[in-house]
Amino acid sequence: MNDADAVKALGALAQGDRLAAFRLLMQAGPDGLASGEVAGTLAIAPTRMSFHLTTLERAGLLVTRREGRRIVYSVAFEKMRGLLGFLTEDCCGGHPEICGVSSRLNQEDC
């Protein structure tokens, strides 16, 4: 991950509703949730939630798939791991274990 991609991803997460949606989708795992489910769970108007989910998708943090009439969002786990790795790669002089970074960041799935 480069600086520009990290800034874009962090900027997308730097808003309360988007951060809450991202965390909810992290909990949902690879199956994800439909946008209406995210909006309902977080008590956010569906049109506003759609805007926030699109922002996260454009930042590369979410992926979508269509299931009939529903659009299902899920976390782009590889991109999320890349962001976490980018943030910690220089931690403590190249010793990320000091920062408490789990070795799971290098695994293929969560």
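The values are calculated or read from the model by the stated rules, or taken from the named source; none is laboratory data. These numbers come from a predicted model, not from an experiment. Every residue, glycine as well, gets a Cβ built from its backbone with ideal geometry; the counts of neighbours run over all protein chains shown.
Screening CYS110 on (1) part of a loop (DSSP other than H, G, I, E, B); (2) within 20 Å of ALA28 (Cβ to Cβ); (3) out of contact with any Gly (no Cβ under 9 Å at 6 or more places or on another chain); (4) modelled with pLDDT under 90 shows it passes everything except condition (3). Check the stretch 23-41 and report whether any residue there is surrounded by 18 or more Cβ atoms within 10 Å (Cβ to Cβ) and within 23 Å of THR88 (Cβ to Cβ). For the stretch 23-41, residues surrounded by 18 or more Cβ atoms within 10 Å (Cβ to Cβ) and within 23 Å of THR88 (Cβ to Cβ): present.
Per-residue answers, yes or no, for (1) in contact (Cβ under 8 Å) with a residue 24 or more places away in the chain; (2) in a helix (DSSP H, G or I); (3) within 14 Å of the chain's Cα centre (by Cα):
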position	(1), (2), (3)
ALA21	yes, yes, yes
VAL38	yes, yes, yes
LEU53	yes, yes, yes
GLU57	no, yes, yes
TYR73	yes, no, yes
LYS79	yes, yes, yes
